[in-house]
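Participant: Can you read through this structure? Questions will come right after.
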Amino acid sequence: MTTAAQTSREALQQTVNLAEIEALGRAALDQNALEYYVSGANDEVTLRENRDGFARLKLRPRMLVDVSNVDTRTTLLGLPVDMPIAVAPSAFHGLAHTDAELGTARGAAALGTVMTLSTFSNTPIEAVAQAALSRPGKGGFWFQLYLYRQREISAEVVHRAEAAGARALVLTVDAPFLGRREPNERNRFTLPPHLGVPNAGTRQELAGVETATGSQLVNYFQGLVDKTVTWNDLAWLRGVTSLPIVLKGILTAEDAELAAQHGCHVWVSNHGGRQLDTAISAIEALPEVVDAVAGRTEVYLDGGVNRGTDVLKALAFGAQGVFLGRAALWGLAAGGEAGVAHTLNLLNEELRLAMALCGKVTVAELGRDLIRR
Ligand SMILES: Cc1cc2nc3c(=O)[nH]c(=O)nc-3n(C[C@H](O)[C@H](O)[C@H](O)COP(=O)(O)O)c2cc1C
């Protein structure tokens, strides 16, 4: 007799692209979780543009190159990874699967890449670290941070992440306030009571937050996160950690220049279209950011990455790596660790094929000559 678990494992293994994994992931979620994962801000123009921006870019492939051995290995902040594809931070993996962030961390580690853990995870930093570091010499984890009004809470999570083995701190800079994801407001998104927020919620429990006026997350976040943060506050962060700092949410050459001046790496992102609607798509913002930092820092990108050719285009514009937000969540919802691993593997195989068909065998060879401007 086949069990439901076997059937869903088989369905997962039969998927041939990320859209099919997304369909399985969506089917596994209730309305509260699904709306939280899919939503973008307001009219979701930026959410759509992230995908459309990639599709508009056309490739200029080269022929008659020996492509019998394509190698997708690279480094992220000096850490060797098997692919230039990693996992972006997203809150509440417990909504997707009972293994929550442990499933994501194991899936990323199995494929030899990095997971970025959100401050708002349902699993404590230390347990996720253990799962992420379960393959010695592979993978690793970065920790994402919001700066709180109560700086001692931020300092405490930074110290915990550093002690647990995080290789970078990712400070999210595009969310002094949360964007209005209207379905979550309308239907009053709530975290189910069995899920905690063990990194951030020690002193202010999400469970106690008022939901009568809209999304519980928004009300929680507004009370916790410091809206006065400026470039001057980076000195405070430097004072509490020796880890590299990555600024996530940069979209302009001006801010990229300031990031480089402050010794920070740059993560091009519009938060998956969840913050400022009609903001520029991630892939369209990437070239000016790469030009502005001019090799002083690493540059990463997230937003709309769903195909190997998307990864290739971001690398061709100068990104060191790309990160998956929703795609990793769909993998997790569709099959836990195996779903995340399958997602990463499929995308990397698509990248490998796209590189071969472009006449490129290493990621270092991917340059702007590949893209028609
Ligand atoms: C459900 C969800 C939760 C997210 N939570 C966080 C978070 O806690 N911190 C953060 O910096 N970004 C968060 N993000 C943004 C992602 O890190 C990333 O920027 C975005 O999802 C990339 O776009 P993509 O979903 O098209 O790949 C979240 C995104 C989603 C979809």
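The values are calculated or read from the model by the stated rules, or taken from the named source; none is laboratory data. Treat the numbers as computed from the prediction; the structure is a model and nothing was measured. Cβ: placed from backbone, ideal geometry, glycine included. Neighbour counts: every protein chain shown.
Participant: Return the only residue of Ala260, Ala256, Ala235 being of a type in the set (A, V, I, L, M, F, W, C), assigned to a helix (DSSP H, G or I), exposed (fewer than 14 other Cβ atoms within 10 Å of the Cβ) and over 17 Å from the mean Cα position of the chain (by Cα). Before you say what the answer is, go through the steps one by one.
Facilitator: Working: Ala260 fails: exposed (fewer than 14 other Cβ atoms within 10 Å of the Cβ); Ala256 fails: exposed (fewer than 14 other Cβ atoms within 10 Å of the Cβ).
From the options Ala260, Ala256, Ala235, the qualifying one is Ala235.
Participant: Also, quick follow-up: Tell me which residues, restricted to region 327-373, are basic (Lys, Arg) and crowded, with 21+ Cβ neighbours inside 10 Å. Talk me through it step by step, then tell me what you get.
Facilitator: Within region 327-373, the first condition is being basic (Lys, Arg), and the residues that meet it are 352, 360, 368, 372-373.
Result: Lys360, single match.
Participant: Moving on to the next point. When you look at Ser242, is it surrounded by 23 or more Cβ atoms within 10 Å (Cβ to Cβ) and touching a residue at least 60 places away in the same chain (Cβ under 8 Å), yes or no?
Facilitator: no
Participant: Okay, next question. Which members of region 94-114 meet the condition of being part of a loop (DSSP other than H, G, I, E, B) and within 16 Å of the ligand (Cβ to nearest atom)? If you could, list the steps in order and put the result at the bottom.
Facilitator: We begin by selecting, within region 94-114, every residue part of a loop (DSSP other than H, G, I, E, B); these are 96-99, 111-114.
Hits for region 94-114 are Ala96, His97, Thr113, Val114.
Participant: Quickly run through region 137-157 and pick out the residues that are under 18 Å from Glu101 (Cβ atoms), within 16 Å of the ligand (Cβ to nearest atom) and either over 20 Å from the mean Cα position of the chain (by Cα) or not hydroxyl-bearing (Ser, Thr, Tyr) (or both).
Facilitator: Phe141, Trp142, Phe143, Gln144, Leu145, Val157
Participant: I would also like to ask the following. Say whether the condition of being within 19 Å of the chain's Cα centre (by Cα) and touching a residue at least 12 places away in the same chain (Cβ under 8 Å) is met by at least one residue in region 188-196.
Facilitator: First pass over region 188-196, keeping only residues within 19 Å of the chain's Cα centre (by Cα): none.
Within region 188-196 (the criterion being within 19 Å of the chain's Cα centre (by Cα) and touching a residue at least 12 places away in the same chain (Cβ under 8 Å)), the answer is no, since none of the residues qualifies.
Participant: Being in contact with a helix residue (DSSP H, G or I) (Cβ under 6 Å, 6 or more places away or on another chain) and within 14 Å of the ligand (Cβ to nearest atom) is the requirement here; does Leu171 meet it?
Facilitator: no
Participant: Would you say Leu286 is closer than 16 Å to Gly40 by Cβ and more than 12 Å from the ligand (Cβ to nearest atom)? If you could, list the steps in order and put the result at the bottom.
Facilitator: Details: closer than 16 Å to Gly40 by Cβ: no; more than 12 Å from the ligand (Cβ to nearest atom): yes.
No; evaluated as a whole, the condition is false for this residue.
Participant: Can you tell which of Arg181, Arg149 is among the charged types (D, E, K, R) and either surrounded by 19 or more Cβ atoms within 10 Å (Cβ to Cβ) or in contact with a His (Cβ under 7 Å, 6 or more places away or on another chain) (or both)? Outline the logic, then answer.
Facilitator: Working: Arg149 fails: either surrounded by 19 or more Cβ atoms within 10 Å (Cβ to Cβ) or in contact with a His (Cβ under 7 Å, 6 or more places away or on another chain) (or both).
Within the list Arg181, Arg149, the selection yields Arg181.
Participant: What number goes with the only condition from (1) within 11 Å of the ligand (Cβ to nearest atom); (2) within 16 Å of Ala327 (Cα to Cα); (3) hydroxyl-bearing (Ser, Thr, Tyr) that Thr46 does not pass?
Facilitator: (2)
Participant: Scan region 138-167 for residues that are assigned to a loop (DSSP other than H, G, I, E, B) and among the polar types (S, T, N, Q) and report the count. Outline the logic, then answer.
Facilitator: Of all residues in region 138-167, those assigned to a loop (DSSP other than H, G, I, E, B) come to 138-140, 146-147, 149-150, 165-167.
Those still in the list that are among the polar types (S, T, N, Q) too: 150.
Total satisfying the criteria: 1.
Participant: While we're looking at this one, here's another question. Specify which of the listed residues (Thr75, Thr104) is surrounded by fewer than 23 Cβ atoms within 10 Å (Cβ to Cβ) and either modelled with pLDDT of 95 or more or within 25 Å of Ala282 (Cα to Cα) (or both).
Facilitator: Thr75
Participant: Give just the number: which of (1) buried (at least 23 other Cβ atoms within 10 Å of the Cβ); (2) near the ligand (Cβ under 9 Å from one of its atoms) does Ala91 not satisfy?
Facilitator: Every listed condition holds for Ala91 apart from (1).
Participant: Moving on to the next point. For the condition part of a loop (DSSP other than H, G, I, E, B), within 13 Å of the ligand (Cβ to nearest atom) and at pLDDT 95 or above, what is the one hit in Ser68, Ser121?
Facilitator: Going through Ser68, Ser121 in turn, the sole match is Ser121.
Participant: Taking region 314-345, which residues are more than 11 Å from the ligand (Cβ to nearest atom), within 13 Å of the chain's Cα centre (by Cα) and under 26 Å from Val293 (Cβ atoms)?
Facilitator: Within region 314-345, Gly321 is the sole residue that qualifies.
Participant: Count, please, the residues in region 266-280 that happen to be more than 13 Å from the ligand (Cβ to nearest atom), in a loop (DSSP other than H, G, I, E, B) and either among the aliphatic types (A, V, I, L, M) or free of Cβ contacts under 8 Å to residues at least 60 places away in the same chain (or both). Break it down into steps so the answer makes sense when it comes.
Facilitator: Taking region 266-280 and keeping what is more than 13 Å from the ligand (Cβ to nearest atom), we get 266, 277-278, 280.
With the extra rule that they be in a loop (DSSP other than H, G, I, E, B), the set shrinks to 277-278, 280.
Still in the list and also either among the aliphatic types (A, V, I, L, M) or free of Cβ contacts under 8 Å to residues at least 60 places away in the same chain (or both): 280.
Within region 266-280, residues that are more than 13 Å from the ligand (Cβ to nearest atom), in a loop (DSSP other than H, G, I, E, B) and either among the aliphatic types (A, V, I, L, M) or free of Cβ contacts under 8 Å to residues at least 60 places away in the same chain (or both) number 1.
Participant: Now for a different question. State which residue is nearest to Phe92 (Cα to Cα) when the search covers only region 22-65 and only residues that are touching a strand residue (DSSP E or B) at 6+ places or on another chain (Cβ under 6 Å) and assigned to a loop (DSSP other than H, G, I, E, B).
Facilitator: Leu57
Participant: Exactly one condition in (1) assigned to a loop (DSSP other than H, G, I, E, B); (2) crowded, with 24+ Cβ neighbours inside 10 Å is false for Ser134; which is it?
Facilitator: Only one criterion is unmet by Ser134, namely (2).
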